[in-house]
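Working notes for the structure below.
The values are calculated or read from the model by the stated rules, or taken from the named source; none is laboratory data. This is a predicted model, so every value here is computed, not measured. We place every Cβ from the backbone using ideal geometry, glycine too, and count neighbours over all the protein chains shown. Ligands, DNA and RNA are stripped out before the accessible areas are found, and what is left, the full protein with its side chains, is counted by its heavy atoms. Shrake-Rupley method; radii C 1.70, N 1.55, O 1.52, S 1.80 Å.
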Amino acid sequence: MDVNGRVIVTGGDDEQKTSIYDASSNSWVSAANMVQARGYQSTATCSTGRIFNIGGSWSGAQGGKNGELYNPSTNTWTALPNALVAPLLTNDAQGVYRADNHAWLFGWKNGYVFQAGPSKRMNWYGTSGSGSQASAGPRGDSNDAMCGNAVMYDAVAGKIITFGG
């Protein structure tokens with residue numbers, strides 16, 4: 001959801017498409033296409049009001065699905081070539097088209113996004129300029145947890161619970 005409560009739907013079968021549902025008018029509208037075609041990608045609404053998107057090799061070309069950022073005010077997507085997807089990949093035996101799916105993302109202060117899984121390697125993503133990625137270390141003694149879940153239950157303290165997978 002964006003900061004105005006509209007639902008932002010990206011990729012999948014329509015690969016580069018962005019659609020917006022506005023509950024106040026009960027209507028869907030098309031928005032600008034993403035820079036890259038994606039399916040099973042992950043998004044997070046940032047503190048800046050923009051929407052960060054990463055991964056999604058299920059649709060379109062496989063691999064290299066680095067971050068991009070949607071600005072609802074200007075209806076534009078911008079590639080973030082330094083918001084690298086490779087550090088969040090799981091070790092999936094079926095390949096990259098599954099290894100970059102369903103990242104557990106949480107918007108944080110100053111436009112940053114925290115990735116808590118499903119990879120056992122956690123990362124911070126910056127969304128300004130050409131983007132950035134920095135390791136946040138491993139998730140305890142947890143292994144990759146595809147099909148797991150994560151919920152931020154105390155945003156002030158930045159507490160996240162992960163389970164399943």
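Quick look at the values:
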{"item": "Scope region 90-103; condition surrounded by 21 or more Cβ atoms within 10 Å (Cβ to Cβ), assigned to a loop (DSSP other than H, G, I, E, B) and hydrophobic (A, V, I, L, M, F, W, C); matching residues", "result": "Ala103"}
{"item": "Any hit, region 104-125, residues being within 23 Å of Gln16 (Cα to Cα), in a loop (DSSP other than H, G, I, E, B) and either touching a strand residue (DSSP E or B) at 6+ places or on another chain (Cβ under 9 Å) or open to solvent by less than 60 Å² (accessible area, probe 1.4 Å) (or both)", "result": "no"}
{"item": "Residues within region 133-147 that are surrounded by fewer than 17 Cβ atoms within 10 Å (Cβ to Cβ) and assigned to a strand (DSSP E or B), tallied", "result": "5"}
{"item": "Region 36-75, residues that are part of a loop (DSSP other than H, G, I, E, B) and either open to solvent by 70 Å² or more (accessible area, probe 1.4 Å) or of a type in the set (Phe, Trp, Tyr) (or both)", "result": "Tyr40, Ser47, Thr48, Arg50, Trp58, Ala61, Gln62, Ser73, Thr74"}
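Listed here are the residues, each with its yes/no results for (1) among the hydrophobic types (A, V, I, L, M, F, W, C); (2) at pLDDT 95 or above.
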{"residue": "Ala44", "(1), (2)": "yes, yes"}
{"residue": "Ser59", "(1), (2)": "no, no"}
{"residue": "Gly67", "(1), (2)": "no, yes"}
{"residue": "Thr78", "(1), (2)": "no, yes"}
{"residue": "Leu88", "(1), (2)": "yes, yes"}
{"residue": "Asn91", "(1), (2)": "no, no"}
{"residue": "Val96", "(1), (2)": "yes, no"}
{"residue": "His102", "(1), (2)": "no, no"}
